[in-house]
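Contents: one structure, followed by commentary.
The numbers here are math on the coordinates, done by the rules we state, and not lab data. Keep in mind it's a predicted model, so treat the numbers as computed, not measured. FYI the Cβ positions are ideal-geometry reconstructions off the backbone, even for glycines, and counts take in every protein chain you see.
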Amino acid sequence: MKTKKNFNLGSLISANSVPILFVIICAVMIPLSGLPANYLLNEVVTRLGRNTFLILSLLIPIMAGMGLNFGMTLGAMAGEMALIMVADWQIWGIPGLVLATILSIPLSILLGLLCGSILNRAKGREMITSYFIAFFMNGVYQLIVLYMMGSIIPIMHSTLKLPRGYGIRNTVSLLQMRQSLDNALAVSINGVKIPFLTLIIIALACLFIVWFRRTKLGQDMRAVGQDMNVARDAGIDVDRTRLISIVMSTVFASFGMIIYLQNMGNFPTYQAHTNIGMFCIAALLVGGASVDKASIRNVFLGVILFHTMFIVAPAAGGKITGDSMIGEYFRVFMSYGVITVALVMYEAKKRKENRTMGQQLANEQKAEEEGKTA
Amino acid sequence: MKTKTRSWIIRSAFVLVLVLLAVLMLRIGRGHTIYFDNRALEYQGATTAAPYKITVIVNGEQISKLYEKERCSVTNIGDKLELTVEVMQQKGGSETTSVYSLKVPHDLDGVIINLPGYMAGLPEEAYLEEFIPAPSTEKDDEAPPTTDDIGLGEV
């Protein structure tokens with residue numbers, strides 16, 4: 001039986017407080033920044049194509065109740081390693097990107113399995129664990145890229161290698177792949193470039209997620225996400241389901257990183273992945289997602305709001321204070337702040353739920369005792 | 001049991017398709033930088049003279065107008081390219097247009113094509129040579145990141 005929900009403005013505002021706050025920030029900052037509408041729209045569309053796939057990779061672990069996957073950095077590393085290999089083999093354009101995508105699959109599956117099996121041993125503390133796995137794997141990445149590439153893993157081109165003969169240079173040029181995906185089928189409307197092929201790929205990823213939610217495995221993930229014990233009692237292999245969700249997220253993140261980097265045209269070898277998880281998570285949270293609930297709508301809203309703030313903040317900061325660095329500080333502060341607030345809100349919500357359940361249980365026991373004495 | 005076998009067949013087929021796709025991308029995506037020279041070429045005692053001007057068009061796009069002793073370059077994805085040349089032998093003379101289907105060796109990153117030699121129908125060893133970039137004279141200043149992340153510095 002369907003129950004009709006009463007419209008409550010207060011609860012609507014409280015449920016969407018973060019997106020509303022960012023809408024207000026953007027609404028104030030856009031006119032202050034003085035940036036032309038065309039430029040702003042162009043930048044937002046570019047960033048939509050560049051970042052959305054990466055953020056989509058966060059949805060599946062949230063569905064499986066594993067929270068915000070800071071371990072997506074591992075997928076980004078896999079994507080970067082694949083791109084280094086492809087750049088060395090001189091495979092250019094879209095074939096280069098397809099090859100990098102294929103190469104990144106086994107790497108990211110391996111890293112996802114590692115991350116997932118560690119997270120299965122740290123149930124309930126997935127976010128902090130995945131955060132530190134990313135740090136740990138950054139060391140392994142540096143070991144591979146800095147010492148093994150060129151010495152053990154063959155690297156042919158001196159343009160990629162450090163002058164000492166092994167290790168990769170601080171910046172890898174992807175000039176011959178730059179925006180090859182974005183420029184294919186691109187259309188320009190009133191000076192705004194729409195990267196049609198990239199958007200089609202993002203749409204396919206969204207359709208995949210929608211389809212996947214309805215599959216048996218998707219349903220299992222949702223059940224695990226709601227209550228692991230109940231899911232286990234229902235015969236679901238909880239550990240395996242959680243492992244698959246992390247592997248899928250890591251593979252998605254590696255694809256996302258390849259899309260991201262082809263748009264940039266080059267990448268800082270040792271730093272490109274370090275903050276990617278943080279900014280993707282911040283964008284998702286700005287879109288109204290929480291640690292235990294996220295949807296495709298949150299991804300798109302988040303990318304638009306978060307990156308609009310990113311574009312206008314330096315200019316607005318410059319106009320208000322005369323120093324564009326203020327805007328830079330503001331956007332960094334907002335990125336980290338929104339993650340902190342989301343984590344605090346999640347904990348507070350969990351505690352409130354536990355308190356309410358405890359209260360309810362106590363009331364039931366009390367009523368039972370009263371019934372007995374009567 | 002039957003479902004398990006079918007599942008393994010599907011997985012193997014998927015992996016095989018990915019491997020085949022990767023091989024295909026390796027073939028069709030190989031990038032080359034091609035340098036076109038308009039210089040006289042000596043081969044086995046005979047000299048092929050350079051014309052006054054060659055207009056180089058690659059895959060329908062005009063790259064450059066090469067006068068004698070000039071060079072131009074183009075990047076190409078794949079080993080094959082369609083080369084159209086408009087040749088003017090003498091200053092003020094008429095132009096003749098020829099279309100060629102040029103194949104670049106797969107292993108070479110950069111190749112130099114001597115256009116007069118190529119148009120004269122000389123063998124590949126005469127008109128084609130590998131482009132070897134000059135060794136870098138830059139100092140070893142690109143040190144890998146070995147900074148102290150903890151911020152302790154030298155304790």
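For the reader, a short list of remarks on this structure follows.
- Each residue in A:ILE276, A:ILE244 was given a count of other beta-carbon atoms within 10 angstrom of its own, and listing them fewest first yields A:ILE244, A:ILE276.
- Here, the range A:289-333 has an Rg and a Dmax of 13.4, 41 Å when only alpha carbons are counted.
- Residues whose placed amide H lies under 5 Å from that of A:ASN266, excluding near-sequence neighbours: A:LEU174
- ³J(HN,Hα), Karplus 6.51/-1.76/1.60, whole Hz, each residue of the range B:54-70, x for Gly, Pro: 10, 8, 9, 10, 10, 6, x, 10, 6, 9, 6, 10, 9, 8, 4, 6, 9
- Straight-line cross-link partners of B:LYS69 among the lysines, defined as a Cα under 28 Å from its Cα and at least 8 positions apart when in the same chain: B:LYS53, B:LYS80, B:LYS91, B:LYS103.
- Other-chain or far-sequence residues with amide H under 5 Å of B:GLY110's (modelled H): B:THR33, B:PHE131
- Protection proxy ranking of A:318-326, A:279-287, B:54-62, A:69-77 - average other beta-carbon atoms within 10 Å, highest first: A:69-77, A:279-287, B:54-62, A:318-326
- All distinct Cα pairs of the protein assembly as shown go into the 1/r average, and the inverse of that average, the Kirkwood radius, is 27.0 Å.
- Crossing angle, helix A:324-373 versus chain A [Cα axis fit, 0-90 degrees, rounded to tens]: 20 degrees
- Based on Cα contacts under 8 Å between residues 6+ apart, chain B shows a relative contact order of 22 percent.
- Between 0 and 90°, nearest 10: helix A:216-226 axis offset from chain A longest Cα axis: 60 degrees
- Taking a ≥ b ≥ c as the square roots of the eigenvalues of the alpha-carbon gyration tensor, the range A:265-318 is classed oblate because a/c is 1.5 or more while a/b is no larger than b/c.
- Per residue of A:80-93, other chain Cβ atoms within 10 Å of the residue Cβ number 3 on average.
- Dimensionless Rg/Rh of the range A:180-324 - Kirkwood Rh, Rg from C-alpha atoms: 1.05
- Antiparallel DSSP beta bridges within the range A:35-293, as percent of all bridges there, nearest 5: 90 percent
- The range A:134-209: C-alpha gyration tensor shape, a/c 1.5 cut-off, then a/b vs b/c: prolate
- In degrees, nearest ten, helix A:37-56 long axis to first principal axis of chain A (Cα): 70 degrees
- Taking the inverse of the mean reciprocal distance over all distinct Cα pairs, the Kirkwood hydrodynamic radius of the range A:35-293 comes to 18.9 Å.
- Within the same chain, aspartates and glutamates fewer than 8 places from A:LYS372 are excluded, and of the rest, those with a Cα less than 17 Å from its Cα are A:GLU364.
- A viscosity of 0.692 mPa s and a temperature of 37 °C, combined with the Kirkwood radius over C-alpha pairs in the Stokes-Einstein formula, give the range A:67-167 a diffusion coefficient of 225 µm²/s.
- Each pair of Cα atoms in chain B enters the Kirkwood radius, and Stokes-Einstein at 20 °C and 1.002 mPa s then converts it into a translational diffusion coefficient of 109 µm²/s.
- Across the range A:137-290, the mean sequence separation of Cα contacts (distance under 8 Å, 6 or more residues apart), normalised by length, yields a relative contact order of 26 percent.
- For A:MET149, the residues whose amide H sits under 5 Å from its own are A:GLY167, ignoring neighbours fewer than 5 places away on the same chain, with H placed 1.01 Å from N.
- Sequence-separation-based contact order of chain A, relative, with Cα cut under 8 Å and 6+ spacing, percent: 30 percent
- Positive-end ranking of A:VAL145, A:LEU40, A:GLY327 along the dipole of chain A, with charges on Cβ about the Cα centre, is headed by A:LEU40.
- For the protein assembly as shown, a crude dipole built from +1 on the beta carbon of Lys and Arg and -1 on the beta carbon of Asp and Glu, taken about the Cα centre, is about 2400 debye to the nearest 20.
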